[in-house]
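This report concerns only the one structure given below.
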Amino acid sequence: MRISVAATIKPIALLCGIAVVSACNPTLRTHGYVATEEAKPQAINPNTDTKASVLASLGSPSIEGTFDEADETDTWYYINQVRERYAYLRPQIQDQTVTAITFNEDGQVQKVAEFGLKNRQIVNYSDRETPTRGRELSVLEQIFGTIGRIPTDRIGGQQDVPGGGGGPR
């Protein structure tokens, strides 16, 4: 029984084609706070809710405001993102919802605001490196910098030196 080359190449080509096509399907992933029917951030009422009731209904926030102490308010943020990823490419944000709940100094909800992808702002951060003390060494200085610094009495077959020459002779 002989199997032709064309008969073996067709199934292999078909499998390769299926693998390529399936790799191009996007993968959707949801990150952050996922609202349920019982716990929706939009259901928070500024007239009646407090920190305790928000914590009981929504749970812990994704982020708490860090610079709110100056104006005596506190803001909790509930963030939800849906990201789409193709194979090895960087994920792209398809949908984003940020719910900001602001409390006054008494812990009462002051306002509830919701932001989407249209409202987002790109934050420019400084990518400078933190300086370290000392001086920078070139590659040659790093390689040859220890020559002459190791005491010659430590080189040799001393048995008592940690990491020394020990072992059978």
Open item on the list: How far apart, in nanometres, would the label points at Thr36 and Ile79 be if each is projected 7 angstrom from Cα along the Cα-to-Cβ direction?
Closed with: 2.3 nm
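Looking at region 30-119, which chymotrypsin sites (Phe, Trp or Tyr not before Pro) are in a loop (DSSP not H, G, I, E or B) and have at most 12 other Cβ atoms within 10 Å?
Working: sites: Tyr33, Phe67, Trp76, Tyr77, Tyr78, Tyr86, Tyr88, Phe103, Phe115; in loops: Tyr33, Phe67, Tyr86, Tyr88.
The qualifying sites are Phe67, Tyr88.
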TODO: Take the Cα of Glu64, step 7 Å along the line toward its Cβ, and report every residue of region 103-122 whose backbone nitrogen sits under 15 Å from that point.
DONE: 103-108
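We did not get these values from a lab; they are worked out from the coordinates using the rules stated. As the structure is a prediction and not an experimental result, all values here were calculated from the model. Here Cβ is always computed from backbone atoms with ideal geometry, including for glycine, and neighbour counts include all displayed protein chains.
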